[in-house]
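Peer 1: I am attaching a structure below and will ask some questions about it afterwards.
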Ligand SMILES: [Zn+2]
């Protein structure tokens, strides 16, 4: 399961959703639309700088690990 960030085209809302695959597209929690666009992988900002390598691992190409 990877936390992804999505943007709803219908209500212009941005939300995060855990998805199990890169093909999965969740519905907007606000309006229920499936017209959502996947954004870059969400990064939990806990105060430190995001590690590009760690981000790459989390958002790596399909087939990296599952
Ligand atoms: Zn929406």
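All of the numbers you see were taken from the coordinates with simple rules; none came from a lab. Values in this document were obtained by computation on a predicted structure and should not be read as measured data. Cβ sites come from the backbone with ideal geometry, for glycine too, and all protein chains shown count toward neighbours.
Peer 1: Modelled label-to-label distance, residue 30 and residue 16, 7 Å Cα→beta-carbon offset: nm?
Peer 2: Spacing of the two 7 Å Cα→Cβ label points: 1.7 nm.
Peer 1: While we're on this one: Per q in 0.21, 0.22 1/Å, what log10 I(q)/I(0) does a Debye calculation on the alpha-carbon atoms of region 2-42 return?
Peer 2: Cα-only, vacuum Debye calculation for region 2-42: -0.53, -0.58.
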